[in-house]
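Heads up, the thing below is written out as structure tokens.
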Ligand SMILES: Cc1cc2nc3c(=O)[nH]c(=O)nc-3n(C[C@H](O)[C@H](O)[C@H](O)COP(=O)(O)O)c2cc1C
């Protein structure tokens, strides 16, 4: 499946069918996470698969009471291994790289799940202490995020996105191009601008065409007149002798 298709179709899913997810699919999703980039290729992450109903329920309660989460037949808790990252990269490793590596793994998993026809939601709002304690996460690790996983119980709406042009700068922060939409391949803006520019020309052209058509109509009428006269003459019997 095209990765761009998965990227554009993925939406957060907060309603799931009561149908277990096949374990080979869960494995494939975690493997996709494991293929993500990580600082220094440290692969400084762990994945905890939670399928036990009671634990899922307790976790959902400690995720600011997001009870819909418990519906998902599986959850994956992604933990960073901060100690290893700090050993290699110091505080920047601990505070930034380990988070970024896990985020990359998270996104890979969401996309893999989408490609496998499964729904997911990235959950970041959780009681870290509760999750750490209830899942026996050691001090050297930190739960970064939870993915809910299951067959979709809803078809999400298409995503409402901020225009890319308003977000992209060129070569320096704040630098915009005159026509960024052309570079960003948003041709709709260009169509609109060109159509506005062309409108008066179109109007003028249309008026000329209308005048031309009118002129032609009159010429045709003019040429038809003698025939019509003849027809009228035939109708009154005049010119009959000449035909014979
Ligand atoms: C860091 C992070 C934390 C999030 N935490 C939650 C959460 O606690 N609960 C939730 O329902 N969605 C959560 N989301 C999902 C976002 O609400 C969602 O991605 C966003 O609204 C865009 O919608 P989409 O995922 O359908 O494209 C989180 C997403 C990210 C990246």
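Each reported figure results from applying straightforward, stated rules to the coordinates on display, with no laboratory input. For clarity, every value in this text was computed on a predicted model and none was experimentally measured. So basically every Cβ, Gly included, is an ideal-geometry build from the backbone, and we count neighbours across all protein chains shown.
Quick look at the numbers
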| item | result |
| --- | --- |
| Beta bridges by DSSP in the chain, antiparallel share as percent, to the nearest 5 | 95 percent |
| Acute angle (nearest 10 degrees) that the helix 98-115 long axis makes with the longest principal axis of the chain, alpha-carbon atoms | 50 degrees |
| Sum of -39500 (n - 2.57) over DSSP H runs of 4+, divided by residues of the chain (222 nm, nearest 500) | -16000 deg cm²/dmol |
| The range 168-235: radius of gyration over Cα atoms, expressed as a fraction of 2.2 N^0.38 Å | 2.44 |
| Hydrodynamic radius by Kirkwood, which averages 1/r over all alpha carbon pairs of the range 6-104, in angstrom | 15.1 Å |
| Helix axis angle, 23-34 relative to the chain longest principal axis, alpha carbon, degrees | 90 degrees |
| Nearest-ten-degree value, helix 187-236 long axis tilted from longest Cα axis of the chain | 20 degrees |
| Normalised contact order of the chain, rounded percent, pairs of Cα under 8 Å and 6 or more residues apart | 23 percent |
| Segments 217-224, 45-52, 18-25 sorted - mean Cβ within 10 Å per residue, highest first | 45-52, 18-25, 217-224 |
| Cα-projected label distance for residue 214 with residue 167, points at 7 Å along beta-carbon direction, nm | 5.3 nm |
